[in-house]
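K.L.:
This is the structure I have questions about; it appears just below.
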Amino acid sequence: MKFLTDDAMKEVAQFFQVLAEPNRLKILQALREQPMKVGELAQQCACSVPNVSRHLTQLAQHGLVSRQAQ
């Protein structure tokens with residue numbers, strides 16, 4: 001069995017930390033159905049638009065979503 005380097009372990013831990021936020025999981029679940037605008041996600045997830053935007057930034061930084069300007 002090959003062991004992960006310290007840097008790889010940190011990266012894996014950060015990935016799971018991103019997924020540990022329930023609102024981010026709600027966002028990912030909503031986006032599985034179809035692309036949505038930030039306002040639509042906010043309404044569906046019962047969050048504010050700035051909050052959803054921050055969550056999307058975190059998800060995008062870890063390659064879990066991509067953003068498109070409208």
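The numbers here are math on the coordinates, done by the rules we state, and not lab data. All of these numbers come straight from a predicted model, not from anything done at the bench. Neighbour counts are summed over all protein chains in view; Cβ atoms, including those assigned to glycine, are modelled from backbone coordinates with ideal geometry.
K.L.:
Rg over Rh of the chain, using C-alpha atoms and the Kirkwood radius, what does it come to? If you can, show how the numbers build up before the last one.
P.N.:
Numbers: Rg = 14.0 Å, Rh = 13.1 Å.
My calculation puts Rg/Rh at 1.07.
K.L.:
Next up: Using helices alone, I'd like the mean residue ellipticity at 222 nm for the chain: each DSSP H run of four-plus residues gives -39500 (n - 2.57), total over residue count, nearest 500. List each step's numbers first, then the result.
P.N.:
Details: 4 runs with 47 residues, N = 70.
Calculated mean residue ellipticity at 222 nm is -20500 deg cm²/dmol.
K.L.:
Applying a 10 Å radius around every beta-carbon, put 55-68, 3-16 in order of their mean neighbour count, most first. Kindly include the intermediate steps, with their values, before the conclusion.
P.N.:
Numbers: 55-68: 14.1, 3-16: 10.1.
Sorting 55-68, 3-16 by mean packing, highest first, produces 55-68, 3-16.
K.L.:
What net charge is computed for the residues neighbouring residue 57, neighbours being all others with C-beta under 11 Å from the C-beta of residue 57, Lys and Arg scored +1, Asp and Glu -1? Mind showing how you got there, number by number?
P.N.:
On the way: positive: 24, 54, 67; negative: none.
So the environment of residue 57 carries a net charge of +3.
K.L.:
Given a cut-off of under 8 Å on Cα pairs at least six residues apart, what relative contact order in percent is computed for the chain? Write down the numbers at each step before the final one.
P.N.:
Details: 30 pairs, mean separation 18.4, N = 70.
Relative contact order here is 26 percent.
K.L.:
Related question: Taking the Cβ of residue 41 as the centre, find all other residues whose Cβ is under 15 Å away and add up their charges (Lys, Arg: +1; Asp, Glu: -1).
P.N.:
On the way: positive: 24, 26, 32, 37, 54, 67; negative: 21, 33, 40.
Charge balance in the 15 Å sphere: +3.
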